[in-house]
Structure formats: C-alpha cells, structure tokens
There are 2 protein chains.
Amino acid sequence: MPLLKSWVASANSADTPFPLNNLPYGVFSVGDEDPRCGVAIGDMILDMQAAEEAGLVDLTDYALFEVPFWNDLMEEGPAVWTALRNRLTALLSEGAAEQAKVEPLLVPQAEAQMHMPFMVSEYTDFYAGKHHAMNVGTMFRGPENALPPNWLHIPIGYNGRASSVVVSGTDVRRPWGQLKGPNDDAPRWAPCARFDIELEMGAIVGVPSEGPITVQEADDNIFGYVLLNDWSARDIQAWEYQPLGPFQAKATATTVSPWIVTKAALEPFRCDTPAREVELLDHLKDCGPMLYDIDLEVTMAPEGKDASTIVRTNYKEMYYSAAQQLAHHTTSGCPMNAGDLLGSGTISGETKESRGSLLELSWGGKEPVTLETGEERSFIVDGDTLTLKGAAKGDGYTIGFGECAGKILPALDDPYKR
Amino acid sequence: MPLLKSWVASANSADTPFPLNNLPYGVFSVGDEDPRCGVAIGDMILDMQAAEEAGLVDLTDYALFEVPFWNDLMEEGPAVWTALRNRLTALLSEGAAEQAKVEPLLVPQAEAQMHMPFMVSEYTDFYAGKHHAMNVGTMFRGPENALPPNWLHIPIGYNGRASSVVVSGTDVRRPWGQLKGPNDDAPRWAPCARFDIELEMGAIVGVPSEGPITVQEADDNIFGYVLLNDWSARDIQAWEYQPLGPFQAKATATTVSPWIVTKAALEPFRCDTPAREVELLDHLKDCGPMLYDIDLEVTMAPEGKDASTIVRTNYKEMYYSAAQQLAHHTTSGCPMNAGDLLGSGTISGETKESRGSLLELSWGGKEPVTLETGEERSFIVDGDTLTLKGAAKGDGYTIGFGECAGKILPALDDPYKR
C-alpha cells in the first residue's frame, strides 16, 4: 500500500508519523477546554466531538464522542471500527467533498495537550521477549538456568496496576521503597537507586470476552497498540519479587504513548514470530503473522542536555505475539474487558544496543552506558528524560505512535517524615 | 456495646447476623427488577433507592443510590459514612418516629437475589498469614526455608484480576490450564485436578490516595470488609508461578460475600496483630489494634449431601493487618481508588483444623480430609459447594457477613475443540 494522499498537506510526507494511512486515536485539550477525542492527521488533530456534533460521523445510535476516551468505540467491535476508519479516510482524502466542513474542525497538534487516550480497565505485563529473559536470567542465575522451565511453553505474565498508567509527558517521581542489597544486614527504607525503563509495546483489548478464546479470536479482539514504558525499580524488585512476583517495583508509573495506532493501520506490517524452539500446545500456536515490524528506539536526555539514542530494536524480536498473550490470559476463564492493556514485555534484540532496559544495557550496573554527551549511566539519574519512539516504515510513508516520554523527578524527602 | 434494639423484630436476636449494630451494605434485586442498594436489618433489607426517593436519606447534593453499587458512598469519605450510619441507626431504632415511613421500604431477604455490592476497581491479593506461609513453604521448600527472606519485613502481595471477582452464589466452572506434573515429560492442556479454596477476608478501599500513606491513614481509608474465597488452581499455579507469580491459577474466580460490613460495625472487635518476630521498619509498624476478632469457618457440601465444617479459624491469626497491607501497597506511589479490593491472604491458624486451604488441610493431597458424610477430599470435586462464614461475637449480638459460597461445576469439554 502506498502513501494515501490527504488534503491536509502535512500528512503527505514520507516522514510524518501521521499520514492518512495511520489515523491514530487520542484525547487532547486546548487551553482550559475539557479533553476530547481526536484523530491525528499530519500535524493536525481532527476534533471528533465537533465532527460528531456536525453530523460528519454518525455510526451508532448514541454519541460516541461526548466522553474523553475511546473505550466506547472499542466496545462496538470490528464492524464499527472499520466503518469509522472508512469514514475518516473519506473525510480526509484528497478531493473529499466534505473538506470545507472538516477543515474548521482541525486543531494544530502544537497547541494541544495530550491526555490518556483510554480508560485502562486492567493492566497485565508480560515477560515474553526471549533475549530479555535470557539476559536477565543469565545475570541472576547463569546462562544454563536463564530461562525458567515454563518460558518456552507459555507467555509468562503478571497483573500490573492500571491506576499507575499515565500518558506520555507525565513526570515520574523516583519512588521510595524497602530495599535490601547484597551488603545490607537488614532491609532499609530508601529512595530507589536503580530506577529503570522497560521498552515495550502495549496491546489494547477492544472486544470483551468470557472464557477461553483462541489465538485468532484474541487477534480479532485487539483494538490497537501503543508504545509502553514499564518503569521499574530494580532494587525494590530484587527484594520483593520472591515468591509472588513484582509488586511495588512496578507500581510507580507505566507510561504510554498518546496515540492508539489501530490494528488496521498496522496491517501491512504483520510478520511472523521467530521459529519456535519447542512446539507450543495447540491452543497457543500461531495461526498467521501476528507480530509487527515496528522499529523502536529509546533516547535518554540528561537535564538540559541533548538526547542520545541508547536502544534500537524492533517489535518483531518478541517470542510471543500479543494475540498469543491474550489467548493465554483467558485460558482459565479470566474475563477480559475493553480497555484492558497488555504490555508485551521488554523488547530486546540479540545485539547489545538492542537491549530494551538499562539493567541489560549496563549488565546490572557493571558496564555503564556512555551517552553522546559524555555522561555515563547505569540506571536513571534525576532529571533524565527517557523517550520511546516507534515507526513502521511503509512504501513511502511512516506509521508513528507519537513519543512515549517521561522525566524523572528527584525522590521526595522521606514521605513518612511529615 | 450491647445489642441495639430495632423495631424490626428479627434484628433483635443474639444470633441474627444483621442486628442494628451491623447495618451492612449490599446490592439486591427482587424478581425482574433492576438491582439496587440495600441495607440488611434482621431478615429484611432496607431499599436505599426507595429510602432516598422518599427523602429519608439526604446526605449529599446528588443522589447516592440511583446506581447499583456503593462506590459513590465510599468516595464521599468518613464524614458521610458516619452520617449515613447515624441516620440509618435512627431510622431503624426501636421507637423511631419514621417507622411508618420506613416499614413499607423493607424487602424480605428470602425474596431477594444478591449482586456484587461494589464495582471492584482493582484487586490485590496478599500472602500475609504466617501459618499459611509456613505450611505452604514447608511443603515446597522444607521447614528451614519455608518463609522467604522478605516475609517478616513486608506483607507480600501480588495484583489479581478484578474482572474475575463474583458475588456469593455464583457457580464456578472448573478451569482448564497448562499443567506439568512431576511425572510429566512435557506440559499438557487439561482440566485443573487440584482446585482449591483460600479462606480470606477482603478489605475495601473507600478513600482514594496518591503517594505513600501511613498505616493510620490506610486504616482511615478502608471502608469495610467482606469474606473472600480466592479460588486457586494449584496445578496450574505450580507450573506457571515462577518467576513472576500466580496468573491464570487465580483468574477463574474470586468470590466475595454479598454484604460489606463497615469498619464502624467492626470497631468493638479490633485486636492487635501477633507479636512481631522481627521489628518492622517504622512506616509499616502497627499504630493501634487494626486486626479484628472474627470467627471464620468453611463448610464443604458434596452434591446433594449435607455440609461438613472443614476449617475453623479467626481473622486475628493474620500477621499483617489490612491497614499495613494498604500502607505497603502505596509505598512506591501507587494510586489507590475507591473500590480497590485487598485480599488478606489465606487465614490459617496453628492447628490442623484451622488451615484455610485444602492444600494445607490435605498436606498437598497426602492426608485427605474426611467429611462427616464419609467422603474423602484432597481437593474440590465437581458438584461440591464451598461456603465461607464469618461472625464477630459481641455482648449479646453477632456481626455477620452473609455466606460466601460457590458450587464447582465440571470443566467444559475442551474449550478449543469446537
């Protein structure tokens, strides 16, 4: 599929993340106005509440866009998803009859503040990138025991905390926690000293389900994808995670990009998961290409300094697809709802620069990363801004997600001394 | 405090779980009518929507009881909680001036169907009963290594799945899952063969919070308590839980009792946590009696047979209080919301009959439990009904929760063969 031409001129370059081929869904506000749903096109946003009020989008017997989130559309299911995408494509295409009506409803992205694009029902994080699992496992248990025995048979996941999910641009406060390092006699209460990123993709469930669903059904139920940074307090995690998994180490914040890129926009970029090293049980087997070829990178910018790229990898490095993860998530009958968010797990590739966390990049702090500005980093320093970027490269066009960025603020004084 | 007398005669016995001292909050329906909020009194339910419409309850500048859940009241905070309790006590007390107006708004419990009393925002389950942790740890790792190193320093918890929480009386379908027993060469897809209960109390967060809160603040923010059965698929759990904790093993269902017993009703039953074996860090220390003296039991009834009591224990056996758990839950800045549900963890005592799970009662299946009807049980058999009961015994009165019951239905035929 080539670049689709729009009458919005800025949408017609090969580099814009938001050509007519993309049409991602976000929530924005301008000035003091209330947040509302919008669709990115070039460097503009189409105000969906205004478009609906103007009678330009009329798909359901109730107003879809009176609320500042996309969950209502998600629940409508694939037929309405397709109808909306077709309608938006028609409204914004070169030569569209409605151009004069739509043009006044465009808002410059430069004037908009972005908000969470959806209400997160529940949040699940997976551990389903093999290079990441091998790296972390090797650090903690040696290369022979790096992968847990179940790892090649099920996408390992754990429930996270939906209340902690924030949109790109939200500052993240370094947490305090209970820590016990290898040289500590007893645990102590201290600010996290090993605060880290996890470069992930987030899949958003659209269609609710009850009971077990197949991998194909799971793929059908997914609404779209965001970039996701699962901020991780490694020292809190090391002390707390046995035997029931990460808890407070992952509860400070998880940042997502502001634009939900739909499955339809990503369709040309589908690719297969890597070869299976062990055959999966039937219900978890691939049934088509369900990963996506999306270039990913992370930059780090110390306070007041230029950003350096510290990670370059690709979503296709995952061992399990989001569809496989969602199918596994339902095996015991777990009900899934519109707005459920599934983090892919950290996406690391084979090479050193493709490792998706500082834990891996600095090999547990033993090999600090040197930034282009000369600073060294094992973990995040106060004032650093970490930014995830993603781009699927088509034939003369790019599908982007917007940035997924957060700046780390210093820990508060002891929050219990007040 | 003695029994408070009500003009509802059935509320004045020492045995009713719902005397005027209790006034627990539920959601009920009669026949085909929509569910609505209600308060239990004796063998009746006060219809709160009708009471509000009749002008008998007028605490806020909007209608609290047009919706079939108690979350709106929770968010109002302690002053309104107290005002409502005072108002209900006045309306239902012996000699109340409003008796003639209130009496027509009472519905017999025998005619009512109960529903979830609140919308579960997020669900967290803890592992904070020491006897349970010792029992399970001893079975898996031997008595020397039974308790993980962090156990005496933090209440270990993991995030569960809010979508799977159901009200008492909901049938529970035996799940399928990926299993790999000690004698299996490879994992297989099969119905769970070790389906189990966990006898717990659930604490419900009322007041939202951002950032770390103290144990006292946590206690203040808790709205009330329910009985909670965290159904557990032990064979799925054994295979999946390393390294990130239980996932599908706990996602089939968690059953709660239909009545939220408020903190105010439980006030006379506060008691201290057991002596600390290791001093806690300051921010997790007790600051008053924050456990409760509540007798708990579990009965098991095979299909068509009488129920046998298989567990008798008490909530005061917990090592950590719900307030300590909630405080720990916020240490890294995790935002908490009205309707967040915190499972205490399995409540086992020192004696064999006080063990709160079949895993412990049957010692991993090695010592089956014999029911009064003669049947033996290591784990749950299809058709069994498991019922949790709780009662705080006051001076001439009882504070009850209603039953927390579920019947296990046979697994479906392979849900992927269709």
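Would you mind telling me the antiparallel percentage of the DSSP bridges in region A:123-409, rounded to 5?
85
Proximity of backbone amide H atoms, modeled 1.01 Å from N, is registered between A:MET290 and A:CYS271, A:THR273 at under 5 Å, excluding neighbours fewer than 5 places apart on the same chain. Taking 20 Å as the cut-off, the amide N atoms of region B:25-52 that come nearer than this to a point 7 Å along the Cα-to-beta-carbon line of B:GLU103 belong to B:39-48, B:50-52. Positive end of the dipole of the protein assembly as shown (Cβ unit charges, origin at the Cα centre): among B:THR330, A:TRP239, B:ILE222, the Cα lying farthest that way belongs to A:TRP239. In chain B, the beta carbon lying closest to the axis that superposes B onto A belongs to the residue given here with its whole-angstrom distance, B:GLY245, 1. Counting, for every residue in A:173-183, the Cβ atoms of other protein chains within 10 Å of its Cβ and taking the mean gives 3.
Working from Cα pairs under 8 Å separated by at least six residues, relative contact order for chain A is 21 percent. 3J(HN,Hα) along region A:239-249: 7, 9, 7, 8, x, 10, x, x, 9, 6, 4 Hz, from the Karplus curve 6.51 cos²θ - 1.76 cosθ + 1.60 with θ = phi - 60°, whole Hz, x for Gly and Pro. Normalised by the number of residues in region A:9-115, the average gap of Cα pairs under 8 Å and 6 or more apart makes the relative contact order 31 percent.
Placing unit charges on each Cβ (+1 for Lys and Arg, -1 for Asp and Glu) gives region B:1-121 a dipole about its Cα centre, and among B:ALA112, B:LEU4, B:PHE69 the Cα reaching farthest toward its positive end belongs to B:LEU4.
Phi angles of region B:324-330 translate, via the Karplus equation with coefficients 6.51, -1.76, 1.60 and θ = phi - 60°, into HN-Hα couplings of 5, 5, 5, 4, 4, 4, 9 Hz per residue; Gly and Pro are given as x.
Partner shielding of B:150-158 amounts to 5, given as the average count of beta-carbon atoms from other chains within 10 Å of each residue beta-carbon. In a Gaussian network model over chain A where Cα atoms closer than 10 Å are linked, find which of A:LEU280, A:LEU244, A:LEU361 has the largest mean-square fluctuation. Result: A:LEU244 has the largest fluctuation of those listed. Over region A:170-318, accessible surface divided per residue gives 33 Å², non-protein components excluded, 1.4 Å probe. Across the identical copies, the 7 Å label point of A:LYS352, projected outward along Cα→Cβ, sits 6.1 nm from its counterparts, in ascending order. Taking amide H positions as modeled 1.01 Å from N, with prolines and chain starts lacking one, the residues under 5 Å from B:SER348 and 5 or more places away or on another chain are B:HIS131, B:HIS132, B:GLY356. Residues whose amide H falls under 5 Å from that of A:GLY177, counting only those 5 or more places apart or on a different chain, are A:ALA190, A:CYS192, with hydrogens built in the peptide plane.
Counting only protein heavy atoms and using a 1.4 Å probe, the accessible area of B:CYS334 comes to about 0 Å². Of A:ARG377, B:ARG312, the residue with the largest accessible area leads and the full order is B:ARG312, A:ARG377 (1.4 Å probe). Cut-off 10 angstrom, C-alpha nodes, Gaussian network model of chain B. Which of B:HIS131, B:HIS283, B:HIS115 fluctuates the most? Comparing B:HIS131, B:HIS283, B:HIS115 in a Gaussian network model of chain B, the most mobile one is B:HIS283. Net charge in the neighbourhood of A:TRP189 (other residues with Cβ under 9 Å of its Cβ; Lys, Arg +1, Asp, Glu -1) is -1.
Put a dot 7 Å past the Cα of B:ASP413, heading toward its Cβ, do the same for B:ARG270, and the two dots end up 5.8 nm apart.
Inter-chain neighbour count for A:233-243: the average number of beta-carbon atoms from partner chains within 10 Å of each residue's beta-carbon is 5. Taking the dipole about the Cα centre of chain A, with the C-beta of Lys and Arg at +1 and of Asp and Glu at -1, give me whichever of A:LEU91, A:SER163, A:CYS37 is farthest to the positive side. Of the candidates, A:SER163 comes out farthest on the positive side.
What base-10 log of the normalised intensity I(q)/I(0) is obtained for chain A from the Debye formula, alpha carbons as equal point scatterers, at q = 0.09, 0.11, 0.13 Å⁻¹? With one equal scatterer per Cα and no solvent, log10 I(q)/I(0) is -0.55, -0.82, -1.13. In the protein assembly as shown, one over the average inverse separation of all distinct C-alpha pairs is 28.1 Å, which is the Kirkwood hydrodynamic radius. Extension gain for A:VAL30-A:ALA96 works out to 21.1 nm (0.36 nm per residue, less the C-alpha to C-alpha distance). Charged neighbours of B:THR373, selected by a Cβ distance under 12 Å, balance to -4 (K, R count +1; D, E count -1). With its label point defined 7 Å out from Cα along the Cα-to-Cβ axis, B:GLU103 lies at 7.5 nm from the matching points of the other copies, in increasing order. Using the Cβ-Cβ distance between B:TRP189 and B:LEU281 with R0 set to 25 Å, the FRET efficiency from 1/(1 + (r/R0)^6) comes to roughly 0.05. Between B:ASP185, B:ASP47, B:ASP382, the Gaussian network model of chain B with springs among Cα atoms under 10 angstrom shows the greatest mean-square fluctuation at B:ASP185.
On chain A, 49 percent of the accessible area sits on carbon and sulfur atoms, based on a 1.4 Å probe. The B and A chains share an interface that buries close to 5400 Å² of accessible area, total over both sides, probe 1.4 Å. Cross-link partners of A:LYS5 among aspartates and glutamates, defined as those whose alpha carbon lies under 19 angstrom from its own and excluding same-chain residues fewer than eight positions apart: A:ASP15, A:ASP43, A:GLU94, A:GLU98, A:GLU103, A:GLU267, A:ASP395. Multiplying the residue separation of A:ASP382 and A:ASP220 by 0.36 nm and removing their Cα-Cα distance gives an extension gain of 54.2 nm. Placing a label point 7 Å from Cα along the Cα-to-Cβ axis, A:LEU152 is separated from the same position in the other copies by 4.1 nm, shortest listed first.
The values are calculated or read from the model by the stated rules, or taken from the named source; none is laboratory data. The model shown is predicted, which means the values in this text are computed figures rather than measured ones. Note that each Cβ is placed from the backbone with ideal geometry, even for glycine, and that neighbours are counted across all protein chains shown. Accessible surface is based on the protein model in full, side chains and every heavy atom, while ligands, DNA and RNA are left aside. Shrake-Rupley method; radii C 1.70, N 1.55, O 1.52, S 1.80 Å.
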